[in-house]
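These notes are about the structure you will find just below.
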Amino acid sequence: AVLLNATWLVNSAAHLFGYRPYDKNISPRENILVSLGAVGEGFHNYHHSFPYDYSASEYRWHINFTTFFIDCMAA
């Protein structure tokens, strides 16, 4: 249930609240609180601006546990 709510949080709050440093013409936003609650998936403006980058953030592991996990599994 927690994972499902975190997913919904990303798909709603990260499209409504936060800032848009990479592409101001799209609705997804960077939201640090969403990122903390959804283990790194709150950097939504970056994710939509650079969809080919698996890390979904320019910060690599900083507040992005998903990238940390993927990098550990790839090592």
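Taking θ as phi - 60°, what are the ³J(HN,Hα) couplings along region 30-39 by the Karplus curve (6.51, -1.76, 1.60), each to the nearest whole Hz, with x for Gly and Pro?
8, 9, 5, 5, 5, 4, 5, x, 10, 6
Please arrange TYR19, TYR52 by counting, for each residue, the other beta carbons lying within 10 Å of its beta carbon, fewest first.
Result, fewest neighbours first: TYR52, TYR19.
Which far-off residues, 5 or more places away or on another chain, put their amide H under 5 Å from the one on PHE43, with H placed in the peptide plane?
Close amide H contacts, sequence-distant or interchain: ASN31.
What FRET efficiency do you get for ASN5 and MET73 if R0 is 22 Å and r is their Cβ-Cβ distance, rounded to the nearest 0.05?
Here the calculated transfer efficiency is 0.35.
With springs only between Cα atoms under 10 Å apart, run a GNM on the chain and tell me which of SER55, SER27, SER35 wobbles the most.
The residue that fluctuates most here is SER27.
How much length, in nm to one decimal, is gained on full extension between LYS24 and ILE63, taken as 0.36 nm per residue of separation minus their Cα-Cα distance?
Length gained, LYS24 through ILE63: 11.8 nm.
Can you list the HN-Hα couplings for region 63-75, worked out from phi with the Karplus curve (6.51, -1.76, 1.60; θ = phi - 60°), rounded to whole Hz and with x for Gly and Pro?
6, 9, 6, 5, 5, 4, 4, 4, 5, 5, 5, 7, 6
Can you tell me which of ASN11, ASN64, ASN25 moves the most in a GNM of the chain? Springs connect C-alpha atoms under 10 Å apart.
Of ASN11, ASN64, ASN25, the Gaussian network model singles out ASN25 as fluctuating most.
Ranking SER12, SER57 by Cβ neighbours within 10 Å, fewest first, what do you get?
SER12, SER57
What's the exposure ranking of THR67, THR7, going from fewest to most Cβ atoms within 10 Å?
Ascending number of Cβ neighbours within 10 Å: THR7, THR67.
What is the log10 of I(q)/I(0) for the chain, computed with the Debye formula using one identical point scatterer on each Cα and no solvent, at q = 0.14 Å⁻¹?
Here the Debye-derived log intensity ratios amount to -0.39.
Farthest toward the dipole's positive end in region 2-74, which of THR67, PHE50, SER27, given Cβ charges of +1 (Lys, Arg) and -1 (Asp, Glu) about the Cα centre?
SER27
Please get the size of the charge dipole for the chain, origin at its Cα centre, with Cβ charges of +1 on Lys and Arg and -1 on Asp and Glu, quoted in debye to the nearest 20.
Result for the chain is approximately 180 debye, rounded to the nearest 20.
Since every read-out is calculated from the coordinates, none of them should be taken as a lab result. Since we're looking at a predicted model, the values are computed, not measured. Heads up, the Cβs are rebuilt from the backbone with ideal geometry, glycines too, and the neighbour counts pull from every protein chain shown.
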